[in-house]
Number of protein chains: 2
Amino acid sequence: MSIENTSVNKSFGGWHKRYSHHSKVLNCQMQFAIYLPPQASNGEKVPVLYWLSGLTCTDENFMQKSGIQLLASELGIAIVAPDTSPRGKDVADADSYDLGQGAGFYLNATQEPWNKHYHMYDYVVEELPALIESTFPVTDKRSISGHSMGGHGALVVALRNAAAYQSVSAFSPICHPSITPWGKKAFAAYLGRDKALWRDYDASILLSDATDFVPALVDQGLADEFLKEQLKTEHLQSIAKLKDFPIQINYREGYDHSYYFISSFIESHLRFHAKYLKK
Amino acid sequence: MSIENTSVNKSFGGWHKRYSHHSKVLNCQMQFAIYLPPQASNGEKVPVLYWLSGLTCTDENFMQKSGIQLLASELGIAIVAPDTSPRGKDVADADSYDLGQGAGFYLNATQEPWNKHYHMYDYVVEELPALIESTFPVTDKRSISGHSMGGHGALVVALRNAAAYQSVSAFSPICHPSITPWGKKAFAAYLGRDKALWRDYDASILLSDATDFVPALVDQGLADEFLKEQLKTEHLQSIAKLKDFPIQINYREGYDHSYYFISSFIESHLRFHAKYLKK
């Protein structure tokens, strides 16, 4: 498995690095970014927080806008940000921001033409962590977080793989995609019309079926323009309460769906994950 | 003077806001961004740090990538980020990233076709602060900072208006533009071939002529790909030493020209300005 370093920037004493590699499960060339804190240059192995971005993003948005390096450097945690879909001119796409490239929804597509490349679930759960853990000075302790479509991805990945993650968090996650416009459009295209097959990628449904869950934190802005129609945070909250699962959900007055919201609370998310990653 | 709010994002308890207004000195519609810390919503007047960005930037880059809101919120300092040139389809432009729109160099152009709009010096020194101070809950205490072309702008503005600023700082500034490629190209186009007229916009020359200066801080990455050819930090340093002016210049091992460098040291710059802004 060849992997090529494409850029390096020193950041808070550590290193922000981008890599290009051929993904077997996605059947295309992919980019990802990793922030390696200073501790990783000093012979120490550090735990990893995986970050899944939202619609239209690449590996760059979170690394450039969240400000997470400040605290990742202090706490000694590596941050890995994959792209949000398979990429390339041979990869199926659509003329809309919420389907196709930039909108992989962290699932394994079963429908033509998407099933040739769109296997972001397997990429995030299997291929990418294996590559990270065999390439960089990291431990096998993982947590996962994300924003919007990536918040959905983080919750789904943690719910289906509770043994593999220490903790999960999300900003403004799509909590119940089976019944909301972004989710219905993407799931119909990628997974087909049989809604029984959508259940594996719906955090609210997975949570209601779950017997086990990892510590979870959700932040949701109350001025988020997508809250009412697309996110349905209250569904996740009701199920968590009913089942007595430990999900801390914070509603934040005045905050919207942007990175200005994420950067305002990223410190509290990383401190939350650190409690479990550094145990 | 009409001014229109075009977007609002809550950030670290304060507000990031963008505005559009007609600039009289630039003779076009302009955008700027302001971060108002929480103290400004509580009836307090806060001092202002002006930030001048580098080539190709708009008001957005610094606000999205620097992470300054974290500490501006804590310290109670407003941040104002103007655009880097006049803008619009009627505004002269060039087919290169280092001349025309996005490359105003914070000067008053005297040459056709640039002199119709390119008066960024007057905009930054006069029109914008007057607009800010008459519109927002701010004091008349100002400091100024910037990056690359904007570091050049900040140093020039502070050197020529020492009474109007409490302090100045710069990341990776173009320190001696009269003798380096970016500066020579821009100055020749905007100011003409007579190099005597370039002196007013060259920080190294202004510093060697100065009798007074404000407290100044410069950070420069040693892995900066532009350091040797474009920036000439060592010239500024020699003159400052010769004249015994209080400029603190920090060379940072391994850091490049990017926002990953700026965000790593922005806290130290804001703490530096706070010493003088909050006196």
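Close Cβ contacts (under 6 Å, 6 or more residues apart or on different chains) running from residues in segment B:114-135 that are under 18 Å from B:Asp200 (Cβ atoms) and surrounded by fewer than 19 Cβ atoms within 10 Å (Cβ to Cβ) to residues that are modelled with pLDDT of 95 or more and not acidic (Asp, Glu) comprise B:Asn115/B:Ala109; B:Asp122/B:Val25; B:Asp122/B:Asn108. Here A:Ile239 passes the criteria (1) more than 14 Å from chain B (Cβ to nearest Cβ); (2) hydrophobic (A, V, I, L, M, F, W, C); (3) out of contact with any Leu (no Cβ under 6 Å at 6 or more places or on another chain) except the one numbered (3). Just one of (1) buried (at least 22 other Cβ atoms within 10 Å of the Cβ); (2) aromatic (Phe, Trp, Tyr); (3) more than 27 Å from B:Asp95 (Cβ to Cβ); (4) away from every other protein chain (no Cβ under 14 Å) fails for B:Phe245. It is (1).
Entry remark, segment A:168-209: residues being outside any helix (DSSP H, G or I), on the phi < 0 side of the Ramachandran plot and surrounded by 17 or more Cβ atoms within 10 Å (Cβ to Cβ) number 10 in total. Residues being part of a loop (DSSP other than H, G, I, E, B), hydrophobic (A, V, I, L, M, F, W, C), surrounded by fewer than 21 Cβ atoms within 10 Å (Cβ to Cβ) and touching a residue at least 12 places away in the same chain (Cβ under 8 Å) are entirely absent from segment A:249-270. Is there a residue being over 14 Å from the mean Cα position of the chain (by Cα), part of a helix (DSSP H, G or I) and closer than 23 Å to B:Leu217 by Cβ anywhere in segment B:139-157? No.
Per-residue answers, yes or no, for (1) under 30 Å from A:Phe265 (Cα atoms); (2) acidic (Asp, Glu):
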position	(1), (2)
B:Lys10	yes, no
B:Trp15	yes, no
B:Val25	no, no
B:Tyr35	yes, no
B:Gln39	yes, no
B:Glu44	yes, yes
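The requirement of being farther than 28 Å from B:Lys278 by Cβ and in contact with a His (Cβ under 7 Å, 6 or more places away or on another chain) is not satisfied by B:Ala103. Of the strands (runs of 3 or more DSSP E) that lie entirely inside segment B:1-90, those containing 1 or more residues that are away from every other protein chain (no Cβ under 14 Å), over 26 Å from B:Ala216 (Cβ atoms) and free of Cβ contacts under 8 Å to residues at least 40 places away in the same chain span B:3-11, B:14-23.
The values are calculated or read from the model by the stated rules, or taken from the named source; none is laboratory data. From a predicted model like this one, the values you see are computed outputs, not experimental measurements. Every residue, glycine as well, gets a Cβ built from its backbone with ideal geometry; the counts of neighbours run over all protein chains shown.
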